[in-house]
Amino acid sequence: MVPKRREMDPAIWSRLPEDLLDHVLSFLPPKMLLKLRSTCKHFNSLLFSPSFLSKTKCSSSAFSCFILLSHPQCYDQYPLYDSTHGTWRRLSLPYSLLLPSAATLLSSSKGLLCFSLPSSSSFLVCNLVTLSSRTIDFPTYPFDFELLTLVSTPSGYKIFMLFAKSFPNYAFVYDSTDQSWSKFDIDGFPLTILSQSSHQEGVFYKEPFSIVRFDLENGIWETPNDANDHMTMMLPHELTFFRLVNDGEESNRLYLIGGVGRNGISTTMKLWELGCGGNWIEVERVPEMMCRKFMSVCYHNYDHVYCFWHQGMICVCCYTWPEILYYNVARRTWHWLPSCPSLPHKWSCGFRWFSFLPHLYALV
């Protein structure tokens, strides 16, 4: 005879100590936690309380890691490459976060995405896992910036915006902790030629043959002119272009990938790592056939080249080509990312790739 199942008295659950409840809930998978949010206001607030965050077992590692493709024609659906399982998916924005067609994805950082809303001179920062978002109004006009970088911090995030067409050049930094903008002048740094940024202890910006660093914490611009500065280094010879990328980990390794050649034409591409003595150490050379293909698709227009770090991969991309050349740092091998099967071949420009690591507790 099967024993009759007994239901637990609700009065017992109501007297369960909060510390014990936090401990039990911390073992739930992320999907279950998200479902619990909609059951009651208490659970919704509990899941984002400091005491629960200190106990939870969930992090970005509990989710798959994606490489997200942004294109002007896919403003409501985004192709995603699941680098954890090696498959393609599509991301449809939820109804609560539907954006106007003029919105553009500009930057991503640890689960947060930053879109521009040109019609209102503002930005939208959102976490697609928690369906939370915030609209951030830009304080001045014109809304015409050369570069924007979203940088996650332990307490929130910062948005770095660079205006290099005007004179003198200047930058704005938004801090989510106090929801304020700060302006910084760029006297003495002619940042007229810029490319994709890389952040390590701040944000780095490159000119053709030099490096300038902006420290997000104190708002100071620095050049590698101090003999004791770890940024003092000789760049590799015969560079036609270069990009910086750091691994985003505690090791904070800084890499440089660039074309090598003469008369402004790259014949090879190489990867270097910044050594302890401030010298660039050659790590790998891009295989000849891969290098030829990449150079042919960017038509030697190196302004279209950018790179980013994604889960142990250094990804090298071009705005005019829907493929990614990446270097697996652990295996020391070069690969092409598999082509997206749903991407029409007629699209010829405007491709922008981002590392997207869904995170339950990336604060908006």
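The values are calculated or read from the model by the stated rules, or taken from the named source; none is laboratory data. Predicted, not measured: the structure shown is a model, and the values here were computed from it. Here Cβ is always computed from backbone atoms with ideal geometry, including for glycine, and neighbour counts include all displayed protein chains.
Quick notes
- Scanning the range 100-138 for residues that are free of Cβ contacts under 8 Å to residues at least 24 places away in the same chain and buried (at least 20 other Cβ atoms within 10 Å of the Cβ) turns up just one, PHE115.
- Meets criteria (of a type in the set (Val, Ile, Thr), farther than 30 Å from GLU288 by Cα, outside any loop (DSSP other than H, G, I, E, B) and modelled with pLDDT under 80) for VAL173: no
- Look at (1) farther than 24 Å from HIS237 by Cβ; (2) hydroxyl-bearing (Ser, Thr, Tyr); (3) buried (at least 20 other Cβ atoms within 10 Å of the Cβ) and you find that TYR327 fails only one, number (1).
- Scanning the range 270-290 for residues that are touching a residue at least 24 places away in the same chain (Cβ under 8 Å) and either hydrophobic (A, V, I, L, M, F, W, C) or not assigned by TED's automatic domain parsing to the domain that holds TYR255 (or both) turns up LEU271, TRP272, LEU274, TRP280, VAL283, VAL286, MET290.
- Test for TYR255: is it at pLDDT 95 or above, within 23 Å of HIS237 (Cα to Cα), assigned to a strand (DSSP E or B) and hydroxyl-bearing (Ser, Thr, Tyr): no
Table: residues versus (1) among the hydroxyl-bearing types (Ser, Thr, Tyr); (2) closer than 17 Å to TRP334 by Cβ; (3) surrounded by 20 or more Cβ atoms within 10 Å (Cβ to Cβ); (4) at pLDDT below 90.
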| site | (1), (2), (3), (4) |
| --- | --- |
| HIS237 | no, no, no, yes |
| PHE241 | no, no, yes, yes |
| ASN246 | no, no, no, yes |
| SER266 | yes, yes, yes, no |
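- Within the range 293-310, tally of residues that are under 19 Å from the mean Cα position of the chain (by Cα) and hydrophobic (A, V, I, L, M, F, W, C): 4
- Of all the residues in the range 151-187, those that are β-branched (Val, Ile, Thr), surrounded by 13 or more Cβ atoms within 10 Å (Cβ to Cβ) and within 23 Å of the chain's Cα centre (by Cα) number 4.
- If you check LEU343, LEU360 for being crowded, with 16+ Cβ neighbours inside 10 Å and more than 20 Å from THR104 (Cβ to Cβ), only one passes: LEU360.
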